[in-house]
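These notes concern the structure reproduced below.
The values are calculated or read from the model by the stated rules, or taken from the named source; none is laboratory data. Model, not experiment: these values are computed from the prediction. Methodologically, a virtual Cβ is constructed for each residue, glycine included, from the backbone with ideal geometry; neighbour enumeration extends over all protein chains shown. What goes into the accessible areas is simple: the full protein's heavy atoms, side chains included, and nothing from ligands, DNA or RNA. Shrake-Rupley method; radii C 1.70, N 1.55, O 1.52, S 1.80 Å.
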Amino acid sequence: MTSGWKIGSATVTPVIELEWPVKPHWLIPGATAENLAPYADWLKPTYVTEDDRLRLTIQAFLVESRGQKIIIDTCIGNGKTRGVEAFNQLDTDFVGSITDASFPPEKVDLVICTHLHVDHVGWNTKLVGGAWVPTFPNARYVMARTDYDHWSTQTDEDMGREVFADSVQPIFEHGLADLVEMDHEINPELGFLPTPGHTPGHCSVTISSDGEEAVVTGDCIHHPSQCMHPEWGCTADLDPERANVTRRAFLERTADSGVLVIGTHFAAPTAAHITAAGERWTLVR
């Protein structure tokens with residue numbers, strides 16, 4: 001695991017909760033073994049296993065910026081009942097890991113949610129005395145109003161309702177949530193970049209400090225193979241057509257720009273630069 005990156009005066013440190021190789025049809029149906037074969041020289045073994053599973057990482061990013069301790073996305077969480085077997089009833093030392101990285105929960109100033117899916121909001125809360133309470137009791141939890149409006153209106157039968165109930169609603173009940181617009185400035189170095197499609201209010205997070213730039217993708221791109229084929233959609237994209245347009249626009253925006261792209265689900269080394277490769281794109285580590 002990498003120790004992190006420095007972007008100007010800001011630092012970003014990844015904390016991995018789960019490393020998760022998945023069969024392509026489950027997440028990115030276009031990324032079959034046959035379709036990946038032309039790119040095996042740079043995808044294997046870092047991003048694709050020898051048996052052609054996609055390497056995914058569930059991780060949070062600890063950001064120190066302008067005197068603030070900020071966490072971008074909070075993974076899956078412990079003790080939560082989830083339909084995905086790999087996510088169900090976890091028991092990890094995530095809190096111990098972030099504490100060891102000088103981010104004890106009570107010292108965190110901001111929690112940034114790129115969107116409100118199961119693997120991005122789980123450690124928003126923890127179970128105490130039978131109730132879900134904020135893991136970071138002194139933090140403000142920042143999320144796009146558009147995403148909140150979508151998930152808060154789902155019925156019990158809809159995907160995501162249980163996640164909302166145990167990992168998002170308690171934040172509002174404790175008065176710690178800030179609903180913002182999708183182009184919100186988080187602080188003078190961090191801001192939301194609207195990247196909708198995966199969810200209605202999905203946002204990536206830009207970091208700009210002392211002339212250096214980076215962007216945390218969230219789920220606008222799940223896997224490096226989508227750089228070569230942004231049309232390879234993800235089964236979890238709520239608006240596949242819009243997600244494809246957003247993915248291509250993101251690649252065009254960041255390619256050959258000097259911006260460090262920190263892929264939320266990319267396997268280590270996680271961060272890379274994107275460069276044009278004909279009419280497609282690739283990663284340069």
Candidates 205, 133, 163 - the one that is among the aliphatic types (A, V, I, L, M), in a strand (DSSP E or B) and crowded, with 20+ Cβ neighbours inside 10 Å: 205
Output for segment 166-177, where each listed residue is open to solvent by less than 50 Å² (accessible area, probe 1.4 Å) and of a type outside the set (S, T, N, Q): 166, 168, 170, 171, 175, 176, 177
Flag for residue 41 being touching a residue at least 12 places away in the same chain (Cβ under 8 Å) and of a type outside the set (S, T, N, Q): no
Listing of helices (runs of 4 or more DSSP H) fully contained in segment 1-68 that carry 3 or more residues being modelled with pLDDT of 95 or more and of a type in the set (Gly, Ala, Ser): none
Looking only at segment 107-124, and only at residues there that are in contact with a Lys or Arg (Cβ under 9 Å, 6 or more places away or on another chain) and among the aliphatic types (A, V, I, L, M), the one that is nearest to residue 151 (Cα to Cα): 118
Positions within segment 95-130 being assigned to a helix (DSSP H, G or I), touching a residue at least 60 places away in the same chain (Cβ under 8 Å) and surrounded by fewer than 23 Cβ atoms within 10 Å (Cβ to Cβ), in sequence order: 97
Unmet criterion (only one of (1) out of contact with any His (no Cβ under 8 Å at 6 or more places or on another chain); (2) at pLDDT 95 or above; (3) open to solvent by less than 70 Å² (accessible area, probe 1.4 Å); (4) within 17 Å of residue 202 (Cα to Cα)) for residue 147: (1)
Residue 76 vs. criteria part of a strand (DSSP E or B), touching a helix residue (DSSP H, G or I) at 6+ places or on another chain (Cβ under 6 Å) and among the β-branched types (Val, Ile, Thr): no
Segment 74-87, residues that are over 24 Å from residue 206 (Cα atoms) and open to solvent by less than 60 Å² (accessible area, probe 1.4 Å): 77, 78, 79, 80, 82, 84, 86, 87
Count of segment 215-261 residues which are touching a residue at least 60 places away in the same chain (Cβ under 8 Å), crowded, with 24+ Cβ neighbours inside 10 Å and among the aliphatic types (A, V, I, L, M): 1
